[in-house]
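The values are calculated or read from the model by the stated rules, or taken from the named source; none is laboratory data. Being a predicted model, the structure only gives us computed values, none of them experimental. FYI the Cβ positions are ideal-geometry reconstructions off the backbone, even for glycines, and counts take in every protein chain you see. The protein model used for the area step is the full one, side chains on, heavy atoms only, and it has no ligands, DNA or RNA in it. Shrake-Rupley method; radii C 1.70, N 1.55, O 1.52, S 1.80 Å.
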Amino acid sequence: MAAPSVRGVSAGAGAATGETSFRRKVRGKLPAIRGTRPSVHNGQLLVSTGVPSLDHILGGGLAVGTLLLIEEDTYSTYSNLLLKYFLAEGVISGHEVFIASASDIPCKIIQDLPEPLTDEIPTQGDTKYVLEGPGSEDTMKIAWRYQNLPKFESASSSSARFGHYYDMSKTMSPDMLQSAKTHSFYLPSIIPLDGTSGFSSEMSCDYLQLLQSIQSAIHQGSFDGSNPQQKGQKKILRIGIQSLASVLWGDDLCSQERPHNPHSLTRFLYALRGLLRSSLSVGVITVPTHLLQNKAIIARVRNLSDTVVSLESFISSERESNPLYKDYHGLFLVHKIPRLNSLISDVSDTKDLAFKLKRKMFSIEMGQNREAPYPTSCLMATHRTLTRVRLMTLLDTLRKLSYTLTSIRLKTLPLSSSGRLTTSEQALAHNHHSPSS
């Protein structure tokens with residue numbers, strides 16, 4: 001009798017306090033980080049590349065923890081431009097930025113970042129709907145019951161947007177750059193250019209020191225979870241490496257068909273992707289693949305990257321004078337899109353992509369087809385013709401097969417006692433040799 005009384009007391013106490021045993025099941029939420037959004041395909045946390053058209057092609061943006069490989073154009077003009085867009089987006093979004101280069105000074109790269117456009121296209125999140133006329137107190141209202149509600153202006157904060165447009169004719173203001181936290185790795189200031197830097201058995205000394213610098217930046221910023229970041233202050237580390245595997249990095253992949261250490265770059269990329277997978281970071285590297293002598297190394301580099309795109313510039317090319325490409329500056333090729341939390345990869349709508357550089361923005365569009373499309377009537381007629389040809393081919397194949405089987409049967413038929421064919425056998429042989437058969 002004691003057990004029921006206990007249950008009755010506890011139920012009465014719960015009713016007296018207004019509490020119930022029902023608890024609503026809440027799904028786990030992604031961390032709220034500035035400049036990120038979840039993917040609509042697989043729920044992966046995404047960051048913007050700085051080029052909205054490229055974000056759309058890649059399925060919404062770059063997934064956190066992945067590596068984007070940009071195969072450079074001939075003069076590295078547009079590939080460096082995409083890298084600057086990626087870094088500028090990190091500065092605007094409040095992310096930390098890591099820059100590594102063997103040719104350009106990282107501070108100079110930061111100073112040359114493009115300025116974000118202030119007159120951007122409004123988004124659906126903008127709630128500024130009030131229009132005031134000159135000398136009039138009339139206002140445009142959404143509905144009468146919303147008149148006294150407080151007004152919000154989300155368009156004033158550009159950092160709340162996902163993806164921005166930039167003006168290449170202007171550089172970012174010093175106030176924006178001063179508030180950004182950056183890490184830099186400039187190879188000439190770390191490794192003397194006297195040829196004394198040797199190679200280790202697994203990785204070149206330059207790649208090893210770069211990897212250690214990246215690991216130190218991830219650990220100091222607590223991007224690996226060693227010291228959990230406070231709620232509301234979480235950030236993303238953006239890693240940008242310029243012209244990796246070039247001669248300036250002390251690698252001979254671009255100068256010799258049989259390099260001294262052919263696996264040095266692949267080991268570095270394998271270790272780098274391991275660091276990205278275990279931290280709140282995303283990486284973009286540019287590689288001059290058109291200079292690599294060994295094509296097998298290109299395949300390995302692509303396999304070790306999550307997303308692979310390449311730029312084919314029209315500068316000093318035959319396509320520069322082609323009227324089909326007069327509105328574009330080059331072709332944009334998508335070689336690989338990552339498979340994250342899904343069995344299949346997300347593919348772009350079209351593979352006929354071209355890019356052009358305007359005064360204020362870099363855009364990727366669907367290029368013109370090399371041949372004009374056929375009308376629908378022509379396509380239907382072509383389909384009927386192909387069907388007729390296939391049927392005739394099938395009938396001819398069946399006729400040849402019947403001829404072969406009949407020949408085999410005639411060879412195996414026994415002769416009569418007189419050594420001649422019977423009447424039915426003669427009819428079968430006559431039908432076999434007849435042209436109408």
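Taking segment 43-117, which chymotrypsin sites (Phe, Trp or Tyr not before Pro) meet the DSSP loop condition and have no more than 12 other C-beta atoms within 10 Å?
Working: sites: Tyr75, Tyr78, Tyr85, Phe86, Phe98; in loops: Tyr75.
Counting only loop positions with at most 12 other Cβ atoms within 10 Å, the chymotrypsin sites (Phe, Trp or Tyr not before Pro) in segment 43-117 are Tyr75.
Hey, which of these cross-link pairs are over 26 Å Cα-Cα: Lys84/Lys336; Lys235/Lys356; Lys84/Lys234; Lys170/Lys356; Lys181/Lys356?
Working: Lys84/Lys336 22 Å; Lys235/Lys356 32 Å; Lys84/Lys234 23 Å; Lys170/Lys356 18 Å; Lys181/Lys356 31 Å.
Beyond 26 Å: Lys235/Lys356; Lys181/Lys356.
Which of the GluC sites (Glu not before Pro) found in segment 292-326 are loop residues per DSSP with 16 or fewer other Cβ atoms within 10 Å of their Cβ? Kindly include the intermediate steps, with their values, before the conclusion.
Working: sites: Glu312, Glu318, Glu320; in loops: none.
In loop regions of segment 292-326 (DSSP not H, G, I, E or B), there are no sparsely surrounded GluC sites (Glu not before Pro).
Take every Cα-Cα pair in segment 246-328 and report what % of them are more than 18 Å apart.
Across segment 246-328, Cα pairs with separations above 18 Å total 54 percent.
Keeping all protein chains in place and using 1.4 angstrom, which order do Met172, Met366 fall into by accessible surface area, from largest down?
On the way: Met172 10, Met366 125 Å².
Ranked list, largest accessible area first: Met366, Met172.
Mind ranking His329, His41, His95 by accessible surface for me, highest first, 1.4 Å probe?
Values: His329 70, His41 120, His95 5 Å².
Ranked list, largest accessible area first: His41, His329, His95.
On the full set of protein chains, 1.4 Å probe, figure out the accessible area of Asp175 and give it in Å² to the nearest 10.
120 Å²
Assuming R0 = 60 Å, can you tell me the calculated FRET efficiency for the pair Leu395 and Gln293, based on Cβ-Cβ distance, to the nearest 0.05? Could the numbers behind the result be given before it?
Working: r = 54 Å, r/R0 = 0.90.
Once the sixth-power term is evaluated, E becomes 0.65.
Between Ser226 and Lys181, what's the calculated FRET efficiency when r is the beta-carbon distance and R0 is 22 Å? Round to 0.05.
Approximately 0.80, to the nearest 0.05.
Please sort by residue number the trypsin sites (Lys or Arg not before Pro) in segment 308-343 whose DSSP state is loop and whose Cβ has at most 16 other Cβ atoms within 10 Å. Mind showing how you got there, number by number?
Numbers: sites: Arg319, Lys326, Lys336, Arg339; in loops: Lys326, Arg339.
Sites meeting the loop and neighbour criteria: Lys326, Arg339.
Over all alpha-carbon pairs of segment 31-122, lay out the pair-distance distribution in 5 Å bins, whole %, shortest bin first.
Spelled out bin by bin, segment 31-122 gives 3, 11, 21, 25, 20, 13, 6, 2, 0 percent.
Summarise the accessible area of segment 253-313 (1.4 Å probe, protein heavy atoms) by the percent that is carbon and sulfur.
On the way: 1210 of 2530 Å².
Of all accessible area on segment 253-313, carbon and sulfur atoms account for 48 percent.
Just how much of Met176 is accessible, in Å², when a 1.4 Å probe is used and the result is rounded to the nearest 10?
Surface open to solvent at Met176 totals about 70 Å².
With every protein chain in place, what's the accessible area of Val40 (1.4 Å probe, Å², nearest 10)?
It works out to around 130 Å².
What number comes out for the charge environment of Asn80, summing +1 per Lys or Arg and -1 per Asp or Glu over other residues with Cβ under 11 Å away? Working shown, then result.
Numbers: positive: Lys84; negative: Glu72, Asp73, Asp104, Asp112.
That works out to -3.
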